[in-house]
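Peer 1: Below you'll find the structure I mean.
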Amino acid sequence: MFDSHCHLTDQAFAGEVGAVVARARAAGVHGMVTIASDAADAERALGLAREYPDVWASAGIHPHVAAAATSADLVRVHQLAMDPGVVAVGETGLDYHYDNSPRALQRERFAWHLAVAQELGKPAVVHCREADEDTIQLINAHRGAPGILHCFSGGERLLFAGLDAGWYISFAGPVTFKRFADAELLRMVPADRLLVETDSPYLAPVPYRGKRNEPALLPHTCAAVASWRNVSVAELGAQVAGNARACYGLPQP
């Protein structure tokens with residue numbers, strides 16, 4: 001299995017990243033991409049990628065902190081994104097639920113990340129919450145930029161906009177929740193465009209819901225996705241691991 005999106009630089013993992021990575025390996029997770037939230041976080045993520053051979057990094061500015069990012073931060077993110085250990089651009093996107101940054105600025109920063117993703121040929125890792133239509137508009141305005149709709153919770157129009165653009169669709173712990181109501185959308189994703197993630201330390205799957213999540217818990221999410229799609233866990237795990245490596249431009253094992 002491959003955790004396509006986690007946050008190993010989060011304070012929740014302070015002082016124990018080595019143990020977290022070891023538990024992931026023991027659970028059958030043989031690849032993780034640790035996703036950055038700002039320029040300083042991207043520096044830390046790249047440091048982990050250099051330390052652990054089965055960890056890779058992203059570089060980007062999360063929409064929550066778009067307003068705090070300076071022009072120097074953008075320059076640094078662009079520089080870091082060119083490093084071979086950085087395999088993705090982001091986390092970027094739009095969050096109209098919390099509105100921690102002005103929406104116009106979120107859109108501006110999102111467009112910038114998409115342009116960098118297209119320039120470098122590395123996927124943009126896209127967060128979308130209650131912003132489907134503006135996300136669709138920006139996807140369509142930057143055709144040619146590779147991308148991932150991470151922790152997918154949008155509607156059918158967003159799903160097909162992403163698929164039409166050649167993007168990957170990633171699902172996380174909520175697929176294990178009783179209230180999960182998007183099984184039909186999950187089944188609509190072609191097998192070769194599907195990713196599975198933890199988004200750890202957030203969104204722990206059942207039976208660990210409410211506790212700290214980590215990559216070692218990815219098998220629970222994979223099992224739920226496999227069940228919804230009526231395939232074996234082994235088949236699903238191999239498929240999404242191969243997809244993650246293809247998406248991030250990594251060699252297949």
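The values are calculated or read from the model by the stated rules, or taken from the named source; none is laboratory data. From a predicted model like this one, the values you see are computed outputs, not experimental measurements. Here Cβ is always computed from backbone atoms with ideal geometry, including for glycine, and neighbour counts include all displayed protein chains.
Peer 1: Only one of V86, V116 is in contact with a His (Cβ under 7 Å, 6 or more places away or on another chain), within 18 Å of I35 (Cβ to Cβ), at pLDDT 95 or above and of a type in the set (A, V, I, L, M); which?
Peer 2: V116
Peer 1: Follow-up. Just wondering, is there one or more residues in the stretch 229-242 that are within 26 Å of H62 (Cα to Cα) and either buried (at least 23 other Cβ atoms within 10 Å of the Cβ) or of a type in the set (D, E, K, R) (or both)?
Peer 2: Yes: one or more hits.
The rows are residues; the columns are (1) at pLDDT below 95; (2) of a type in the set (A, V, I, L, M, F, W, C); (3) closer than 23 Å to N243 by Cα.
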| site | (1), (2), (3) |
| --- | --- |
| T70 | no, no, no |
| D73 | no, no, no |
| I148 | no, yes, yes |
| C151 | no, yes, yes |
| E156 | no, no, yes |
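Peer 1: Within the stretch 229-248, work out how many residues are more than 17 Å from L149 (Cα to Cα) and in contact with a strand residue (DSSP E or B) (Cβ under 9 Å, 6 or more places away or on another chain).
Peer 2: Here the count works out to 4.
Peer 1: Still on this structure, I have one more. Can you go through G31, G18 and tell me which one is modelled with pLDDT of 95 or more and either touching a strand residue (DSSP E or B) at 6+ places or on another chain (Cβ under 8 Å) or crowded, with 21+ Cβ neighbours inside 10 Å (or both)?
Peer 2: Going through G31, G18 in turn, the sole match is G31.
Peer 1: State all residues of the stretch 42-67 that are farther than 26 Å from R23 by Cβ, surrounded by fewer than 24 Cβ atoms within 10 Å (Cβ to Cβ) and of a type in the set (A, V, I, L, M); if no residue qualifies, say none.
Peer 2: V65, A67
Peer 1: Looking at the stretch 68-78, is at least one residue within 19 Å of the chain's Cα centre (by Cα) and either surrounded by fewer than 18 Cβ atoms within 10 Å (Cβ to Cβ) or of a type outside the set (A, V, I, L, M) (or both)?
Peer 2: The answer is yes; a qualifying residue exists.
Peer 1: I need every pair where a residue in the stretch 124-151 that is free of Cβ contacts under 8 Å to residues at least 24 places away in the same chain has its Cβ under 9 Å from the Cβ of a residue that is of a type in the set (G, A, S) and not in a helix (DSSP H, G or I), sequence separation at least 6 or different chains.
Peer 2: R143/A165; R143/G166; L149/G93; L149/S170
Peer 1: May I ask you to say which residue of A216, A161, A183 is surrounded by fewer than 24 Cβ atoms within 10 Å (Cβ to Cβ), in contact (Cβ under 8 Å) with a residue 24 or more places away in the chain and within 23 Å of G90 (Cβ to Cβ)?
Peer 2: After applying the criteria, what remains is A161.
Peer 1: For the stretch 17-67, enumerate the residues that are touching a residue at least 60 places away in the same chain (Cβ under 8 Å), of a type in the set (V, I, T) and within 16 Å of V196 (Cα to Cα).
Peer 2: V29, V33, I35
Peer 1: How many of the residues in the stretch 68-88 are polar (S, T, N, Q) and touching a residue at least 12 places away in the same chain (Cβ under 8 Å)?
Peer 2: 0
Peer 1: Ok, one more. Of all the residues that make up the stretch 57-99, how many are among the charged types (D, E, K, R) and in contact with a Ser or Thr (Cβ under 7 Å, 6 or more places away or on another chain)?
Peer 2: Counting residues in the stretch 57-99 that are among the charged types (D, E, K, R) and in contact with a Ser or Thr (Cβ under 7 Å, 6 or more places away or on another chain) gives 1.
Peer 1: Take the stretch 21-40 and flag every residue that is over 20 Å from H64 (Cβ atoms) and under 18 Å from the mean Cα position of the chain (by Cα).
Peer 2: Answer for the stretch 21-40, where residues must be over 20 Å from H64 (Cβ atoms) and under 18 Å from the mean Cα position of the chain (by Cα): V21, A24, V29, H30, G31, M32.
Peer 1: Kindly provide the set of residues from the stretch 32-55 that are within 22 Å of V126 (Cβ to Cβ) and out of contact with any helix residue (DSSP H, G or I) (no Cβ under 9 Å at 6 or more places or on another chain), ordered by number.
Peer 2: Matches in the stretch 32-55: D41, R44, A49.
Peer 1: Within the stretch 171-179, is even one residue under 21 Å from D3 (Cβ atoms) and surrounded by fewer than 18 Cβ atoms within 10 Å (Cβ to Cβ)?
Peer 2: Yes, there is a match, as at least one residue in the stretch 171-179 is under 21 Å from D3 (Cβ atoms) and surrounded by fewer than 18 Cβ atoms within 10 Å (Cβ to Cβ).
Peer 1: To continue, here is another question. On the basis of being closer than 16 Å to M1 by Cβ, of a type in the set (A, V, I, L, M, F, W, C) and under 14 Å from the mean Cα position of the chain (by Cα), does L203 make the cut?
Peer 2: The answer is no for L203.
Peer 1: Hey, another quick one. May I ask you to list the residues in the stretch 71-96 that are of a type in the set (S, T, Y) and under 12 Å from R109 (Cβ atoms)?
Peer 2: S71, T92
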